[in-house]
Amino acid sequence: MEKENIFNSSPPIATFKKYKSGTVDKLIRHNFRIKVPENVNPEFTKYNFYYVSDKKEKIINDKGFDLTNNKRFELLKNIEEDWNKQQQKYSEAQKSTFKDFCNKHNTYIEIVLPATRQEWFEKMGICQFTDIQVWDKKTDTRKMGQLIPESINYYKLNEWVNIEINFMKQWMKNNLKTDMGYLYSTVHMDETTPHIHFGFIPISKVFSKKLNEERYIISNNRIFGGKKQLQKFNNYHANYLTKAGYEIEPGEIGGKGSYNAMNFREVKEFERNKLEVKVVIMQWIFEKLKNLNEIN
């Protein structure tokens, strides 16, 4: 039975989180599925794949974890050397260690793309899912389909993944002035909706007046400071996908060419209202036709 096209493609909504050094190792293990978590379908974990740094080929999860951590520690070591060089310009009272800085500040960012619906992947020809997705009025939840593995179009899947990786690197260059902090991308096919986890150290290139030269620092507050920055990121991401040929539905905020970074509750409410309006209109049309038939 062909699925009823009730819902349009929602704008892809990114989520990002900041982490201190002590919690990063556990997160990376989770993303590389060193141990399969309970909230995934273990039968589909074999369809996940992983990219580290500039290596575009797929790699096995444990190797990816080792490569990622090796690069992370190497980058942090380089930043620490630059940090110590900068500290020489300070008085003893102003000095602090890089270790103390890492313990107090976020040194790792994770961005997940896209938090969109299963219909988008079907419409883009990437993969298919079982069951129609409808609102369950009793529980006020969506009935989600399950991935059909044999429906995966690997050419289109890899094409989408590479576009997302290129987007992230371009965004980092535009906002951090460098993409050297990029660590890895993990593509998860074993959860409800396919998505990509991007992990990176928020390394920014700045000009140091004290050293009279460019240096690299860890800085994320300016780029990841709140809702406005997240909405700006989502707008840029949606426009990037649109230019790449993907169909994205505009949001309600910002006018033509802008996309609304609605959270999941708002998306759910927005779609449910649209569906209820359609039902009311259909009922009104039915009543009109019924009255006309009675008159005739």
If I ask for residues that are buried (at least 18 other Cβ atoms within 10 Å of the Cβ) and outside any strand (DSSP E or B), which ones from the stretch 193-209 would you list? THR193, PRO194, ILE201, PRO202
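Residues are listed down the side, and each one gets a yes or a no for (1) assigned to a loop (DSSP other than H, G, I, E, B); (2) at pLDDT below 90; (3) of a type in the set (Phe, Trp, Tyr):
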{"site": "GLU38", "(1), (2), (3)": "yes, yes, no"}
{"site": "PHE44", "(1), (2), (3)": "no, no, yes"}
{"site": "LYS63", "(1), (2), (3)": "no, yes, no"}
{"site": "THR68", "(1), (2), (3)": "no, no, no"}
{"site": "GLU74", "(1), (2), (3)": "no, no, no"}
{"site": "LYS77", "(1), (2), (3)": "no, no, no"}
{"site": "ASP82", "(1), (2), (3)": "no, yes, no"}
List every residue pair whose Cβ atoms lie under 8 Å apart, where the two residues are 6 or more positions apart in sequence or sit on different chains, the first residue falls within the stretch 171-193 and is closer than 19 Å to MET144 by Cβ and touching a residue at least 12 places away in the same chain (Cβ under 8 Å), and the second residue, located anywhere, is surrounded by 18 or more Cβ atoms within 10 Å (Cβ to Cβ) and hydroxyl-bearing (Ser, Thr, Tyr). VAL187/TYR50; VAL187/TYR51; MET189/TYR47; ASP190/TYR47; THR193/THR116
For ASN174, all conditions in the list (1) closer than 29 Å to PHE73 by Cβ; (2) at pLDDT below 85; (3) exposed (fewer than 13 other Cβ atoms within 10 Å of the Cβ) hold save one; what is the number of the exception? (2)
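From the list VAL161, VAL187, pick out the single residue that is β-branched (Val, Ile, Thr) and in a helix (DSSP H, G or I).
VAL161
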From (1) modelled with pLDDT of 90 or more; (2) within 14 Å of the chain's Cα centre (by Cα); (3) not aromatic (Phe, Trp, Tyr), pick out the condition that doesn't hold for GLY181. (2)
Looking at the stretch 123-151, I want the residues that are under 21 Å from HIS195 (Cα atoms) and exposed (fewer than 12 other Cβ atoms within 10 Å of the Cβ) and have a partner that is at pLDDT below 65 and polar (S, T, N, Q) with Cβ atoms under 9 Å, at least 6 apart or on another chain. Which pairs are those? LYS143/GLN133
Need the failing condition index for VAL36 against (1) in contact with a strand residue (DSSP E or B) (Cβ under 6 Å, 6 or more places away or on another chain); (2) within 30 Å of HIS237 (Cβ to Cβ), just the number. (1)
Give ILE79, ILE109 a once-over and let me know the one that is closer than 25 Å to THR15 by Cα, in the same structural domain as GLY245 (by the TED database) and among the hydrophobic types (A, V, I, L, M, F, W, C). ILE109
For the stretch 65-120: of the residues being buried (at least 19 other Cβ atoms within 10 Å of the Cβ), under 29 Å from the mean Cα position of the chain (by Cα) and of a type in the set (Phe, Trp, Tyr), which is farthest from THR192 (Cα to Cα)? TYR108
When the residues of the stretch 214-228 are narrowed to those that are at pLDDT 80 or above and either more than 16 Å from GLU110 (Cα to Cα) or out of contact with any strand residue (DSSP E or B) (no Cβ under 9 Å at 6 or more places or on another chain) (or both), which ends up surrounded by the fewest Cβ atoms within 10 Å (Cβ to Cβ)? GLU214
Residues that are closer than 28 Å to GLN231 by Cβ, among the hydroxyl-bearing types (Ser, Thr, Tyr) and either more than 18 Å from the chain's Cα centre (by Cα) or not assigned by the TED database to the domain that holds TRP120 (or both), drawn from the stretch 16-39: THR23
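The values are calculated or read from the model by the stated rules, or taken from the named source; none is laboratory data. Quantities reported herein were computed from a predicted structural model and do not represent experimental measurements. Cβ coordinates were reconstructed from backbone atoms using ideal geometry, including for glycine residues, and neighbour counts include every protein chain displayed.
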